[in-house]
Amino acid sequence: MKRLIIVTGSSRGIGRSIALELNRIYDRESAFLLLARDLDSLESVKNQMVIDSEAKNQIHLVQIDFSAQYEMTDYFSILKNTFTSTQVEKFREVIAIYNHGTLEFGSVSLIAQENLRQKFETNLFSIWSFLSALNLFIPATLTPKQTHVNISSGYANEPVANWSGHCCARSARDMLFKCFALEQPGFKILNYEPGIVYTDMLKQACQFSTDYKEGYNNGKFTKPEDTARKLVEIIRANTFATGSKIKF
């Protein structure tokens, strides 16, 4: 296999659609690593990908809870246990999509009373650790052609009352990838804002916002497959400035 494609949070929603779209476009000689908590849903995604690629891609699944306090070395072990050194040496391209995350509501004080560290473990620290592990596992000296995409949010740049947990974590994620772009100028690094997408997370938001609920019921928002298609088009065109942010 000449290409490694990684998608976190790929069992449903945006992550699932991104995995399926990448598999549709890169339907030959690609090795996929899909990570999420729900193994049954991951298996469903894999089955569809096998059909779409006519079994010409390799698809590896890892069931993982990103809220657990894994160290960078733990993520490195996952990669090492999934791919042999011979396989890694054959990769000519890496595409990694960092999609997993949760949505947190509540005032600044209320969020602080809950398990704040666990929330940031899921939405920031796990991504930081996994990105670092991947960078050590497949460094630029081995595979110079790499694309790393953070699935961002409009609230990464906009303060919203009772959304402090989400705003802070997403803002930090964006900055993490901007810094990484400066450290790895040969890579293509992107913060992608997918729009307001019909997902389980949006259903959760509708419980706290009448604006979201109205838009949801009126079909004003984006389908996961549409924003996934747009992202893959951006990756393939490869014309974006590294470290930049692009909105759907």
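Residue check: is Leu182 over 16 Å from the mean Cα position of the chain (by Cα) and surrounded by fewer than 17 Cβ atoms within 10 Å (Cβ to Cβ)? Yes, satisfied.
Only one of the numbered conditions (1) under 14 Å from the mean Cα position of the chain (by Cα); (2) surrounded by fewer than 19 Cβ atoms within 10 Å (Cβ to Cβ) is not met by Lys80, and that is (1).
Do we find a residue being of a type in the set (Asp, Glu), touching a Leu at 6+ places or on another chain (Cβ under 9 Å) and open to solvent by 30 Å² or more (accessible area, probe 1.4 Å) anywhere in the range 44-61? So that I can check it myself, show each step before the final result.
Within the range 44-61, the first condition is being of a type in the set (Asp, Glu), and the residues that meet it are 52, 54.
Filter once more, so that each one left must be touching a Leu at 6+ places or on another chain (Cβ under 9 Å): 52.
Imposing the further condition that a residue be open to solvent by 30 Å² or more (accessible area, probe 1.4 Å) reduces the set to 52.
Yes; the residues of the range 44-61 include at least one that is of a type in the set (Asp, Glu), touching a Leu at 6+ places or on another chain (Cβ under 9 Å) and open to solvent by 30 Å² or more (accessible area, probe 1.4 Å).
Taking the options Leu190, Leu176, name whichever one is open to solvent by 10 Å² or more (accessible area, probe 1.4 Å), among the hydrophobic types (A, V, I, L, M, F, W, C), touching a residue at least 12 places away in the same chain (Cβ under 8 Å) and more than 21 Å from Ser11 (Cβ to Cβ).
Working: Leu190 fails: open to solvent by 10 Å² or more (accessible area, probe 1.4 Å).
On inspection, the qualifying residue turns out to be Leu176.
Total residues in the range 148-167 satisfying the condition of being buried (at least 18 other Cβ atoms within 10 Å of the Cβ), in contact with a Phe, Trp or Tyr (Cβ under 8 Å, 6 or more places away or on another chain) and in contact (Cβ under 8 Å) with a residue 24 or more places away in the chain: the figure is 8.
Taking residues in the range 20-37 that are modelled with pLDDT of 95 or more and part of a helix (DSSP H, G or I), and partners anywhere that are surrounded by 23 or more Cβ atoms within 10 Å (Cβ to Cβ) and among the small types (Gly, Ala, Ser), the pairs with Cβ atoms closer than 6 Å and at least 6 places apart or on different chains are Glu21/Ala228.
The values are calculated or read from the model by the stated rules, or taken from the named source; none is laboratory data. Only a predicted model underlies this, so the values are computations on that prediction, with no experimental measurement involved. Glycine also receives a Cβ, built like all others from the backbone with ideal geometry; neighbour counts cover every protein chain displayed. Protein only, heavy atoms only, side chains kept; ligands, DNA and RNA dropped before computing areas. Shrake-Rupley method; radii C 1.70, N 1.55, O 1.52, S 1.80 Å.
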